[in-house]
1. So I30 passes all but one of these: (1) modelled with pLDDT of 85 or more; (2) hydrophobic (A, V, I, L, M, F, W, C); (3) not in a helix (DSSP H, G or I). Which condition number does it fail?
2. Look at segment 415-429 and say how many of its residues are without any contact (Cβ under 8 Å) to a residue 40 or more places away in the chain, surrounded by fewer than 16 Cβ atoms within 10 Å (Cβ to Cβ) and not in a loop (DSSP other than H, G, I, E, B).
3. Restricting attention to segment 126-143, which residues are closer than 16 Å to L179 by Cα, touching a residue at least 24 places away in the same chain (Cβ under 8 Å) and surrounded by fewer than 22 Cβ atoms within 10 Å (Cβ to Cβ)?
4. Based on this model, can you work out whether D418 counts as out of contact with any Pro (no Cβ under 6 Å at 6 or more places or on another chain) and either acidic (D, E) or at pLDDT below 90 (or both)?
5. If you scan segment 334-371, which residues turn out to be crowded, with 19+ Cβ neighbours inside 10 Å and of a type in the set (D, E, K, R)?
6. So which pairs qualify, if the first residue must be in segment 378-391 and assigned by TED's automatic domain parsing to the domain that holds T360 and closer than 16 Å to S327 by Cβ, the second must be modelled with pLDDT under 90 and of a type in the set (S, T, Y), the Cβ gap must be under 8 Å, and the two must be at least 6 apart or on different chains?
7. Filter segment 243-294 down to the residues that are surrounded by fewer than 19 Cβ atoms within 10 Å (Cβ to Cβ) and small (G, A, S), then identify the one that is nearest to E369 (Cα to Cα).
8. If only one of S86, S106, S123 is among the hydroxyl-bearing types (S, T, Y) and surrounded by fewer than 17 Cβ atoms within 10 Å (Cβ to Cβ), which one is it?
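The values are calculated or read from the model by the stated rules, or taken from the named source; none is laboratory data. Everything numeric in this text was worked out from a predicted model, so none of it was measured. Virtual Cβ from ideal backbone geometry, glycine too; neighbours counted across all protein chains shown.
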Amino acid sequence: MRALVEYSVRGWPEAQGIRRCLSDVERCSIGAQAPERIGFRLSYGEVFDNLEKRLRELSEDGGTILGYVYPHSPLELLLAHGITPSLVSTRPNAQGGFEASLQTFSCSLTRNLFSQRSNGGLSFLSGILFPSNTCDSLHNVSDVWRRRFSEDMIFRLTYPAGKLGDDSIQFLAEELRILSQSLKEAYGCPLSMDTLSAAVNLVNGFREAAQTLYSCRIVDPSVVPYFEVARMARDFLSLPSADAVDRISSSANAASEILEKNGQLTLAKSLRQELLEATLRGDGIEVESDVPRILVAGGMVEPTVVACLFKGSDKIGGQVVVLDLLSFGFKTAFTPLVDLAGDPFVAISRSILGAPSEPTQEGLPERLEFLKRVLSRLSIDGVVVCEQSFCDPDQFEAPPLLRAASEVNVASLRLPIDPEVSDRSRLEGRIESFIETLQGGAR
């Protein structure tokens, strides 16, 4: 990684909420005035290549980029310190370099990231934020990383294992204060309420738009392909900016206009609130479609890769996946908005801990009940349970998820995926076969 440089937030436009991370980002409008169903042709490799190119340009321009690994990282806090938080992506061509350093139980995600660094990658990062108290692989790789690459700046944020409550909120709030002080000492940019407020507005804007888009697609998945939803979310998580929010907001507005013309917008709004409150009740929504409705469940599996697998195997297009419950998809989008009234660290802590829980956290019975409500209420025909290869939390959680789907008479498929997608043809074949089995029973 390159040497650390001091970087401060400059020129925060009040109307935008936060400065644009790049000055010349091409806007991608999908017609808020005249909504259309538009598909995009980029592969997941091209998506990551384009993002990395932009991150390198930002780094060369003097920007401070802090990579993060865990989905529920405090993006608002990092942005307020003048730092660009960037979700570190796994790469298909990252192989070798981890064997001499990582424990044998390390998951494929940490192996991939470690291999990238061992082979000279991730040089545009000024440091990495690792989670602690989540899973063994993520906890231990930060210690190994610090010893193997002593020149790198490593930060750690410890999460409470317990459920949302006052003790957990106060614990994480104190951890966030410690992290904030560490960022100030490392990068020389103190926290201010003005920059924090602007950062909160930016992240809240992304979440509101993503929640709207997710909810609209549940009612009519054809309004925008799933791959494009995954791409826009990854775009923001990799490089948060007003431009990224504008793009996903335009897509959400276009989808809302389509549903309003069809008399379905009220249902979408209602579903959004039910998902935020995890209170899905009642009979399944009425759906008239010849296309099977599939839900993708899992943990820290890359949604863009999942979307490409479906796009590559599915003749129906990008509408077969109605919803995902993935860490970097639904669970990130449906994190509650931050309300800065009161202690800002408590506010961010409450938002993070209010997100849908992960396989790395307590609460499996609640996750299973939520899945069954989602399957029944949203009229899902099939579930694809994706798991990161060699990921203990995913592998422990997969069998109960399959059982829960069976209990509500929904067909299921278990799909182990490694970050390199080394067996892509086989994965696409299994997805294609699964879709074909659902065709006859599609609504």
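1. Unmet condition: (1).
2. Total satisfying the criteria: 2.
3. Hits for segment 126-143 are G127, P131, S132, N133.
4. yes
5. R350, E358, R367
6. Once the first residue is assigned by TED's automatic domain parsing to the domain that holds T360 and closer than 16 Å to S327 by Cβ and sits in segment 378-391, its partners that are modelled with pLDDT under 90 and of a type in the set (S, T, Y) give Q388/S108; S389/S108; C391/S108; C391/S137.
7. The residue in question is A278.
8. On the way: S86 fails: surrounded by fewer than 17 Cβ atoms within 10 Å (Cβ to Cβ); S106 fails: surrounded by fewer than 17 Cβ atoms within 10 Å (Cβ to Cβ).
When all the criteria are applied, what remains is S123.
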